[in-house]
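Okay, so here's the structure we're looking at.
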Amino acid sequence: MEVGYLLTRYAYRPMSEPVASGLARTTVTPAQVTYASAALSFGGGIAFALRRFGLGAGLTLLGSFADCVDGDLARATDSTSKAGSYLDHVFDRWTDSALIIGLTFSDVDDLASLGFAALVGTYMTSYTRTKAQALGTDCQVGIGSRDTRMLILVAAGATGRPRVGLLTVAALGLGTAVHRMVWTIRHLGAER
């Protein structure tokens, strides 16, 4: 079981599914919700950079919630697609970057190296799973999933402690990436 998506499963989904059901009766499309989600998260990143940490945390939470609504809406309207999945996945990386860069720019002289490490950890966590999926397996291992990273970034913003958030995201991301690499290599090696 992937423990990294507990927040989505137990906090967001109980609220996002009813919202998506309501939106399914309107002309709102999943792509429009994806764009709104990204805009909210970009706004969160900008607020973090301006040291408006509470506002950034609030916008990021709303963006994360909307990120659940788009997929729920696609399923509710039977409009899931590869293009929608791709758009969602790519915007996830853009918004991850916006939030990490925003926290980093809140004190760039002090946080640049941690921001860089957090970006690398985030991208490698995503890439190792995506590459494993492309090779026919899915390495749902590690605790540094996007759900976990988003929670840490929101908490870091809400408490005004970007250093702690970036350090934690970097450590969990890099650790999860290595864990996924080892798991995937073992799994693919066992298929021979």
query = In the range 104-130, which residues are surrounded by fewer than 16 Cβ atoms within 10 Å (Cβ to Cβ) and of a type in the set (Gly, Ala, Ser)?
reply = ALA112, SER113
Pick from the range 69-88, criterion charged (D, E, K, R) and under 19 Å from the mean Cα position of the chain (by Cα), ranking: surrounded by the most Cβ atoms within 10 Å (Cβ to Cβ) = ASP70
request  = Give the residue, chosen from ALA20, ALA24, that is crowded, with 20+ Cβ neighbours inside 10 Å and more than 17 Å from LEU103 (Cβ to Cβ).
outcome  = ALA20
request  = Could you pull out every one of the helices (runs of 4 or more DSSP H) wholly within the range 1-86 that has 2 or more residues that are touching a residue at least 24 places away in the same chain (Cβ under 8 Å) and of a type in the set (Asp, Glu)?
outcome  = 53-76
key: Residues within the range 22-52 that are more than 29 Å from ASP138 (Cα to Cα) and more than 18 Å from the chain's Cα centre (by Cα), tallied   = 11
query = Somewhere in the range 131-139, is a residue surrounded by 20 or more Cβ atoms within 10 Å (Cβ to Cβ), modelled with pLDDT under 95 and part of a loop (DSSP other than H, G, I, E, B)?
reply = yes
message = Among the numbered criteria (1) surrounded by fewer than 22 Cβ atoms within 10 Å (Cβ to Cβ); (2) under 18 Å from the mean Cα position of the chain (by Cα); (3) closer than 19 Å to VAL154 by Cβ, which one does LEU59 miss?
response = (1)
Extreme residue, farthest from GLY43 (Cα to Cα), among residues of the range 103-130 that are assigned to a helix (DSSP H, G or I) and touching a Pro at 6+ places or on another chain (Cβ under 8 Å) = LEU111
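The values are calculated or read from the model by the stated rules, or taken from the named source; none is laboratory data. Computed from a prediction, not measured in an experiment: that's the story for all the values here. Reconstructed Cβ throughout: ideal geometry from the backbone, glycine too, with neighbour counts over all protein chains shown.
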